[in-house]
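Student: One structure coming up, written as structure tokens, with questions to follow.
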Amino acid sequence: VVTHNYCQLYFCYNPSFRWFSNQRFTMKTFHLCVAVSSFWVAIAPVAGFAPTSLQPHPRVSSTASSSSSSSLAMGAQPEVDRRTALQSAWMAAGVATLVGAGTWTVGVDPAMADDAGSSAAIKKVVVAGATGQTGRRVLERLAAQPGLSVVAGVRNVDKASKALSESSTVVRGAMIQQVASVDTSKVDLQHLDIVSDSIDTLAETLKGADSLVIAVGFVPGNPLKMNEEAHKVDNVGTVKLIDAAKAAGVRKVVMVSSILTNGRAWGQEKSPGFVVTNAFGKVLDEKLVAENHLKASGLDYTIVRPGGLKAQPPAGPLIISGEDTLIAGEVSRDLVADVCVASLTDSKASKKVLEIIEDDGKPPEVFNGLKM
């Protein structure tokens, strides 16, 4: 019944599926629709996953940021201000230390307190996917830093200028999310299309930048074309962008990906989260190609793999875990953006894969607002 209701909501609100109204609705088609609607209820377009268990993976501590005054403590409030949550801890101190078996704790290192989190080491940053819900948050934070040149890479400059300057309500499946406006007065909007542009054209857009944030990802629409779209955006297009960054002399690349991207390598290929997410364009497999290409590029990088993305402010302490460890949990897009910005200048995040969720005091068992 719940799935049926979500299915109805999805087809009412998502214009990408209006073509179904003119198709013969066989049982096979209905099952496909149910799968699509159920996925969209739970997933955001840039990164998605679902838990394989109601318990945290044994390799992950759910108390990575606990009581120590040097850890990232955000208190027990029902809603935590993101600046208190991360910027006061990581971006002011700029340190992430690998501890235990793949769990990270964020704390204070006086040796780096003078320059960490500042834009002193970087002069120009390009944000690819700047109109997306995560990308626009990254853009907002970078634009607020004095002395930093910020470029928003967008497919259509005129449409992007309008979209970024206006707040709006976005319907994704059965989820209604508020999108705040972004002050673009300090942002240079430039054309950047990772699908249609050549490497040389992309490199021209990136010319002069020393850093790049990749927050792109295909948006599922017509189910008959999802494999093609995911391949073009999350694989081929992102690989081209990485090659263009290297050709343009970019030094640091931060890429937003997804947990369970490398699920096959650690026995998660048959888990519900991997199976359901990867059913949409084989997106996890496509993202993995881009991740591996970035690792082999010779560029400095940080790959940020968030859990289920939510638009609300952070509601608990940030957990930053090691590569291939997290299988459940959610994280505010605000924190994802903060981690991306911090990773640009934090040497401890150099050539690392960071998997991030929020610690709500319980074993990770919620997937984008739905109790599993």
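Student: Where in the range 305-347 does the amide nitrogen come within less than 19 Å of the point 7 Å from the Cα of Trp266, taken along Cα to Cβ?
Tutor: Only 305-309, 318-331 pass the distance filter.
Student: Check Ser257: other-chain or 5+ apart residues with amide H under 5 Å from its amide H, H built from backbone geometry?
Tutor: Placed amide hydrogens put Val304, Arg305 under 5 Å from Ser257.
Student: Could you order Glu228, Glu291 so the one with the most accessible surface comes first? Probe is 1.4 Å. Present the calculation step by step, with values, prior to reporting the outcome.
Tutor: Numbers: Glu228 100, Glu291 0 Å².
Per-residue accessible area, sorted high to low, gives Glu228, Glu291.
Student: Which peptide among 198-208, 149-159 comes first, and what is the full order, when sorted by highest mean count of other Cβ atoms within 10 Å?
Tutor: Working: 198-208: 17.2, 149-159: 19.2.
Top of the packing list down: 149-159, 198-208.
Student: Here's something else I'd like to know. Compare the peptides 122-128, 331-337 by average per-residue count of other Cβ atoms within 10 angstrom and give them in order, highest first.
Tutor: Values: 122-128: 24.3, 331-337: 26.0.
Highest mean packing first, the order is 331-337, 122-128.
Student: Here is a further query. Local charge sum around Ala203 (other residues, Cβ-Cβ under 13 Å, Lys/Arg +1, Asp/Glu -1)? Could you put the intermediate results ahead of the total?
Tutor: Working: positive: Lys207, Lys240, Lys246; negative: Asp197, Asp200, Glu204, Asp243.
Once positives and negatives cancel, what remains is -1.
Student: Put Ser258, Ser161, Ser185 in order of accessible area, largest first, 1.4 Å probe: what do you get? Can you show the working numbers first?
Tutor: Working: Ser258 0, Ser161 50, Ser185 90 Å².
So, going from the largest accessible area down, we get Ser185, Ser161, Ser258.
Student: Take peptides 248-257, 293-302 and line them up by average Cβ neighbours within 10 Å, highest first, as a rough protection proxy.
Tutor: On the way: 248-257: 22.4, 293-302: 16.9.
Averaged packing, sorted descending, gives the order 248-257, 293-302.
Student: Once you list every other residue whose beta carbon is under 9 Å from the beta carbon of Ala152, what net charge do they have if Lys and Arg are +1 and Asp and Glu are -1?
Tutor: Numbers: positive: Arg136; negative: Asp188.
So the surrounding residues net to 0.
Student: Share of antiparallel DSSP beta bridges in the range 218-372, in percent to the nearest 5?
Tutor: Bridges in the range 218-372 that DSSP calls antiparallel: roughly 30 percent.
The values are calculated or read from the model by the stated rules, or taken from the named source; none is laboratory data. Computed from a predicted model, the values in this text were never measured in an experiment. Here the Cβ is made from the backbone with ideal geometry for all residues, glycine too, and neighbour counts use every protein chain on show. Remember, those area values only see protein heavy atoms, side chains included, never the ligands or the DNA or RNA. Shrake-Rupley method; radii C 1.70, N 1.55, O 1.52, S 1.80 Å.
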